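Note sheet for the following structure.
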Amino acid sequence: MTAQSRHPIAAEEAAYWSDIRKQFYLMDDVTYLQGGTVGPSARPVIERIIELMREFEADPLHRRHGDLLRPLVEQSREKLARFVGTTPDRIALVLNTTMGMNIPGQGLIWERGSDVLLSDQEYPAVRALWTWLAERDGLNLNYVPLPTPPSSPRDIVEAYEAGITDNTSVVVFSHVYFTTGLVAPIKELTRLAHAHGAVAMVDGAHAVGMVPLDLSDVGCDFYASSSHKWLLAPKGVGFLYMDAKYQNKVRPVVIGHNMRETDAASRYDVNGTRDLTPHACLGDAIDYQLDIGWESRIRPYCLGLARYLKAQALERIRGARLTIPMDESMSGFISSFSIEGIDLPKVCEYLWKDYKIEVTAIGANDLSFFRVSTHFYDSYEDIDRFISAINEIIAKQPDVHLD
Ligand SMILES: Cc1ncc(COP(=O)(O)O)c(C=O)c1O
């Protein structure tokens, strides 16, 4: 059997995605399995930024707030709102998830002595925010252990149920866990938070562009995301969704012109004079994926890559164990697996040095595992190369074996 005949897609489709990859600046000899950390923007998006920057610089005074960039930023807000199932007045355009989580975290008044419920796998910057707030406001942090992997979405809800009480003022959870790639049932977790009178705050850093999202259906209070990950937007572009009832309640961390201008969530936009081109081109990044067909082509292709990767890891790597469910209601474009007795960070060093494969190893629950991000610029051959390289490294390099 040839490698290609193992791949569950037709040759024409493989050729289609291979042409798409050429629309990125990614180097030909690099296998990029790290889009979860930062996604590469496609050439048309970057070329548009450069074009806008040139136009702007020709007359910076008039083109700052005037007819060039502001309308494009508003178009981006509208396109993003449509993409995530809400209205533009609930979207603040911020720099990233870190900023998006800080706005309600620091801006709401939390009852002293109340509990903050979060899992043991929240992102370190988010944990840092709540550790700081707990000290400032006298809150108790209550971490629930996430099952790795859970056997059903119910297991995830039960983990939070075990930690929630009527003293919980906020539940902080991820839509897609940065550790294993686990996709959490955010509607059920929101319901659980609300049943206890707590605020539901979602870290959606990895979800937008990976998982279908209809915020009007989820009903959470806040949802923050970084568009420079799976949406492949320019860097320093993110958003905060806030339910309408909070739009005048959150104390602004940074106060500027937009405090006076509007009651909409845009009053929490990143503020003051700055380069507007990244936010102006967010809409182009969304259009780029919609034009290919995010729902009809990109998502099925990426789910296929993840499925293949998980199956190949189990079949071809001795001692491999998945830390993400096969079930696609709990997984997306991130796959993760451990290998018994192997030092995975060390393997990552060899993967980059000897094979130009970019991937990361992460730890949680006393386990170390590869976190592999596969987007539509990746191919089935990339996965074969990755699996073969791991086996070669394990066979050749004594220092990757733990004793
Ligand atoms: C789950 C999660 N939350 C928050 C962040 C922070 O994102 P940013 O650095 O874009 O603010 C990350 C970054 O990787 C993440 O994975």
- request: Quick one: dipole size for the chain, taken about the Cα centre, charges +1 on Lys/Arg Cβ and -1 on Asp/Glu Cβ, in debye to the nearest 20.
  value: 400
message: How far apart, in nanometres, would the label points at residue 58 and residue 37 be if each is projected 7 angstrom from Cα along the Cα-to-Cβ direction?
response: 3.9
message: With a cut-off of 8 Å between alpha carbons and a minimum separation of six or more residues, what is the relative contact order of the stretch 47-287 in percent?
response: 28
field: Sparsely packed trypsin sites (Lys or Arg not before Pro) within the stretch 260-344, loop by DSSP, other Cβ within 10 Å at most 13
entry: 274, 318
- line: XL table 229/356; 22/346; 187/229; Cα-Cα > 26 Å flagged, in table order, is 22/346
- request: Would you mind pulling out the separation of the Cα centroids of the stretch 367-392 and the stretch 111-163, in Å?
  value: 31
- prompt: In straight Cα distance, which lysines are under 18 Å from residue 353, not counting same-chain residues fewer than 8 positions off?
  reply: 396
statement: For the stretch 307-353 the mean separation of alpha carbon contacts under 8 Å (6+ apart) over residue count, i.e. relative contact order in percent, is 34
field: Expected 222 nm ellipticity per residue - DSSP helices of 4 or more, -39500 (n - 2.57), all of the chain, to 500
entry: -12500 deg cm²/dmol
query: In cubic angstrom, how much convex hull volume per residue do the alpha carbon atoms of the chain span?
result: 144
query: In whole Å, what is the distance between the alpha-carbon centres of the stretch 75-96 and the stretch 237-267?
result: 13
query: At what distance in angstrom do the alpha carbon centres of the stretch 1-58 and the stretch 201-227 lie from each other?
result: 24
message: With a cut-off of 8 Å between alpha carbons and a minimum separation of six or more residues, what is the relative contact order of the chain in percent?
response: 22
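We did not get these values from a lab; they are worked out from the coordinates using the rules stated. Note that this is a predicted model, so its numbers are computed, not measured. So basically every Cβ, Gly included, is an ideal-geometry build from the backbone, and we count neighbours across all protein chains shown.
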